[in-house]
Amino acid sequence: MSFVRMAALAAAAFLFALPHAHAQRPPIQTTKVSGTDNVYVFRNGGHQAMFVVTPDGVIATDPVAYGKPDGGRQYLEEIRKVTDRPVKYVVYSHHHFDHIAGGKAFKDAGAVFVAHRNAAVRLKALKDPHTVLPDQSFSKFRTLELGGTKLELRYMGVNHSDSTLVMRLPKEKIIFLVDTIPVGQFPARGFIDIDPLKTETFIEDVLKMDWERMIPGHPGPGDRLGTKDDARNMLQLLRDASAEMKVLAQAGKCWEPAEKEFALPKYKDWPGYENGLPFVARRYCGVWGRGT
Ligand SMILES: [Zn+2]
């Protein structure tokens with residue numbers, strides 16, 4: 001076999017190996033965020049969370065163990081591979097169980113659970129057997145300081161939920177924000193949770209903040225982190241979807257005729273377009289067809 005042909009085959013094997021490797025990757029993975037000393041992403045299946053290691057202990061976020069009875073313990077074990085310092089805090093990104101269920105192992109190890117006040121109220125009412133109730137809650141802003149690291153917890157109004165926090169590491173210019181700004185993909189099923197008009201304002205405000213990278217609650221393509229371009233793209237998508245449905249709804253076509261006609265061809269090549277479109281349509285029919 002010629003060298004050229006071998007090289008071509010090797011190149012082809014490499015190219016085909018990428019998606020295969022992605023499909024075959026381990027269900028649980030911990031990755032240090034490049035360019036940081038102490039910021040990690042823990043991924044369990046299609047969900048992920050940020051944790052920060054300091055000399056005085058660890059600040060963890062979302063247990064991401066919904067439907068995974070061992071998920072919380074496995075998360076703690078992953079942290080233990082990085083440090084033997086205690087986990088001092090677990091912060092909930094918002095109140096949805098698919099991100100926050102499974103914290104018992106952290107609670108048993110003595111962590112203090114922190115969430116937005118609306119999350120605390122909602123969780124207390126719902127009493128999910130797998131979700132640890134917050135020990136502390138706040139309404140607008142709080143800074144956690146531990147071992148020389150500052151993590152700002154900021155509530156900026158209703159968006160994907162009424163309890164979503166924007167967590168910011170000012171030194172690293174990194175935010176951890178879950179479900180409101182998908183990275184490199186069309187919004188999915190969870191769009192039915194969203195308050196679309198308030199989310200536009202929310203994203204405008206997030207864009208004004210000082211950050212460069214966003215750790216999302218669901219991995220982006222190739223596990224890349226989000227950028228302000230992702231936020232701008234999502235904002236534009238919301239504006240386009242809203243304008244499109246507004247015309248259909250005000251012509252009296254919601255629900256069904258409008259949902260059938262609704263299309264956003266500009267976004268047809270985004271991963272998840274076909275699956276996500278009906279949920280976006282339904283939600284905006286709610287807004288413009290019913291005022292909800
Ligand atoms: Zn959510």
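What residues qualify as long-range amide H neighbours of T164, i.e. H under 5 Å apart, gap of 5 or more or another chain, H built at 1.01 Å from N?
Amide H to amide H, under 5 Å and 5 or more residues apart or across chains, T164 pairs with N159.
Considering only C-alpha atoms, what is the centroid distance from the range 139-208 to the range 43-67, in Å?
16 Å
In sequence order, what are the phi-derived ³J(HN,Hα) couplings for the range 43-60 according to the Karplus relation 6.51 cos²θ - 1.76 cosθ + 1.60 with θ = phi - 60°, rounded to whole Hz, with x for glycine and proline?
10, 10, x, x, 10, 8, 9, 9, 9, 10, 9, 10, x, 9, x, 10, 9, 9
Under 5 Å between amide hydrogens, which residues at least 5 positions from D179 or on another chain qualify, with H placed 1.01 Å from N in the peptide plane?
G217, H218
Indicate, rounded to the nearest 5 percent, the antiparallel portion of the DSSP beta bridges found entirely in the range 155-285.
In the range 155-285, approximately 55 percent of DSSP beta bridges are antiparallel ones.
Please report the relative contact order for the range 18-227, taking Cα pairs under 8 Å with a sequence separation of at least 6, and give it as a percent rounded to a whole number.
16 percent
Decide, for the chain, between rounded, prolate and oblate: order the square roots of the alpha carbon gyration tensor eigenvalues as a ≥ b ≥ c, take rounded if a/c falls under 1.5, and otherwise choose prolate if a/b is larger than b/c, else oblate.
It comes out oblate by the Cα gyration axes.
Take each uninterrupted DSSP H stretch in the chain, measure its Cα extent along the helix axis, and return the ones at 27 Å or beyond whose mean Kyte-Doolittle hydropathy is at least -1.0.
Span-like helices here: 3-24, 228-250.
Using Cβ counts within 10 Å as a stand-in for footprinting exposure, how do E256, E244, E200, E212 rank, fewest first?
In order of increasing Cβ crowding within 10 Å: E256, E212, E200, E244.
Determine the calculated [θ] at 222 nm for the chain from helices alone, applying -39500 (n - 2.57) to every DSSP H run no shorter than 4 residues and normalising by the residue count; nearest 500 deg cm²/dmol.
Dividing the helical sum by the residues of the chain leaves -11500 deg cm²/dmol.
Between their Cα atoms, which of K88/K208; K150/K208; K32/K268; K81/K127 are more than 25 Å away from each other?
K88/K208; K32/K268; K81/K127
Could you give the dipole magnitude of the range 18-227 about its Cα centre, charging the beta-carbon of Lys and Arg +1 and that of Asp and Glu -1, in debye to the nearest 20?
For the range 18-227, the charge dipole is close to 260 debye.
Tell me whether the range 215-277 comes out rounded, prolate or oblate; compute the Cα gyration tensor, take square roots of the eigenvalues as a ≥ b ≥ c, and use a/c under 1.5 as the rounded threshold.
prolate
Values in this text are rule-based calculations from the coordinates and carry no lab data. Treat the numbers as computed from the prediction; the structure is a model and nothing was measured. Positions of Cβ are backbone-derived with ideal geometry, glycine not excepted, and every protein chain shown enters the neighbour counts.
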